[in-house]
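Here is the structure we will look at.
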Amino acid sequence: MRDLSMSILDLAMNSIRAHATVIEIKVAETLEWNELELEIKDNGVGMSSQVCKEATYPFFTTKSNHRVGLGIPLLIERAKRCEGNVLIQSREGIGTSVRAKMKLNHLDRPPFGNIHQTLYTIIQIAPTVNLIYMHQKGSLNYRFETLSVREVVGEKLMNHPNTIAWVKREIETNDFSFTSY
């Protein structure tokens, strides 16, 4: 995973596998504190405290067809390299939150990557999930929620190419661009 959008996609896929019906992705760029915070939160099945701890190890996975689970360990390593940390909170039957903090302008901070493509991918893979994307950058705030789209187009048309094209335009037009530091 070369960029942060791939880490976000990996965590969102974990949420989908955990039967989440709501996935919140929050990105906060706080220039005054030189801090970047990412949070991916879901209402999936959650994890026990033991599984939550083991999820930080690269050779642990709950996926029967994989031998390793690198998503969370790679994010932890990236955050550490950028003078940050990762906090995982989970309760069985309630859901999971993974929050990563790191220095915004750190030399080793990976680029954001194509967050827009990540969002479209999540919508196409899990059209019934309510995806909430929030991005704060200084005083600018952006919010996109698939529930609003679903209310207009209906459940069956969420995956339709015209709906996806509209979602792409909506996000790309209204979300302020990521900048490099």
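Just one of (1) free of Cβ contacts under 8 Å to residues at least 24 places away in the same chain; (2) part of a loop (DSSP other than H, G, I, E, B); (3) aliphatic (A, V, I, L, M); (4) surrounded by 13 or more Cβ atoms within 10 Å (Cβ to Cβ) fails for residue 79. It is (2). Does region 164-175 hold any residues that are among the hydrophobic types (A, V, I, L, M, F, W, C) and surrounded by 12 or more Cβ atoms within 10 Å (Cβ to Cβ), and which are they? Hits for region 164-175 are 164, 166, 167, 171. Taking (1) over 14 Å from residue 138 (Cα atoms); (2) more than 16 Å from the chain's Cα centre (by Cα) in turn, residue 33 satisfies each apart from (1). Scanning region 1-30 for residues that are of a type in the set (Val, Ile, Thr), within 22 Å of residue 140 (Cβ to Cβ) and either without any contact (Cβ under 8 Å) to a residue 60 or more places away in the chain or not in a helix (DSSP H, G or I) (or both) yields 25, 27, 30.
Among residues of region 85-108 being in contact with a helix residue (DSSP H, G or I) (Cβ under 8 Å, 6 or more places away or on another chain) and either among the charged types (D, E, K, R) or not in a strand (DSSP E or B) (or both), the one that is least open to solvent (accessible area, probe 1.4 Å) is 106. In region 83-105, the residues that are acidic (Asp, Glu) form Cβ pairs under 6 Å with partners that are open to solvent by 30 Å² or more (accessible area, probe 1.4 Å), at six or more places apart or across chains, as follows: 83/103; 92/48.
The rows are residues; the columns are (1) outside any strand (DSSP E or B); (2) in contact with a helix residue (DSSP H, G or I) (Cβ under 6 Å, 6 or more places away or on another chain); (3) modelled with pLDDT of 85 or more; (4) loosely packed, with under 15 Cβ neighbours inside 10 Å.
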site: 116; (1), (2), (3), (4): yes, yes, yes, no
site: 122; (1), (2), (3), (4): yes, yes, yes, no
site: 134; (1), (2), (3), (4): no, no, yes, no
site: 142; (1), (2), (3), (4): no, no, yes, yes
site: 152; (1), (2), (3), (4): yes, no, yes, yes
site: 155; (1), (2), (3), (4): yes, no, no, yes
site: 162; (1), (2), (3), (4): yes, no, yes, yes
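So which residues in region 36-51 are open to solvent by less than 80 Å² (accessible area, probe 1.4 Å) and either β-branched (Val, Ile, Thr) or more than 17 Å from residue 137 (Cα to Cα) (or both), if there are any at all? Within region 36-51, 40, 42, 43, 44, 45, 46, 47, 48, 51 qualify.
From the residues in region 10-28 that are of a type in the set (S, T, N, Q) and open to solvent by 20 Å² or more (accessible area, probe 1.4 Å), which one is nearest to residue 38 (Cα to Cα)?
The selected residue is 14.
Scan region 52-67 and give yes if some residue there is assigned to a loop (DSSP other than H, G, I, E, B), farther than 24 Å from residue 147 by Cβ, open to solvent by less than 80 Å² (accessible area, probe 1.4 Å) and of a type in the set (A, V, I, L, M), otherwise no. Yes; the residues of region 52-67 include at least one that is assigned to a loop (DSSP other than H, G, I, E, B), farther than 24 Å from residue 147 by Cβ, open to solvent by less than 80 Å² (accessible area, probe 1.4 Å) and of a type in the set (A, V, I, L, M).
The values are calculated or read from the model by the stated rules, or taken from the named source; none is laboratory data. Fair warning: this is a prediction, and the values are worked out from it, not measured in the lab. Note that each Cβ is placed from the backbone with ideal geometry, even for glycine, and that neighbours are counted across all protein chains shown. We work out accessible area using only protein heavy atoms, side chains counted, and drop any ligands, DNA or RNA first. Shrake-Rupley method; radii C 1.70, N 1.55, O 1.52, S 1.80 Å.
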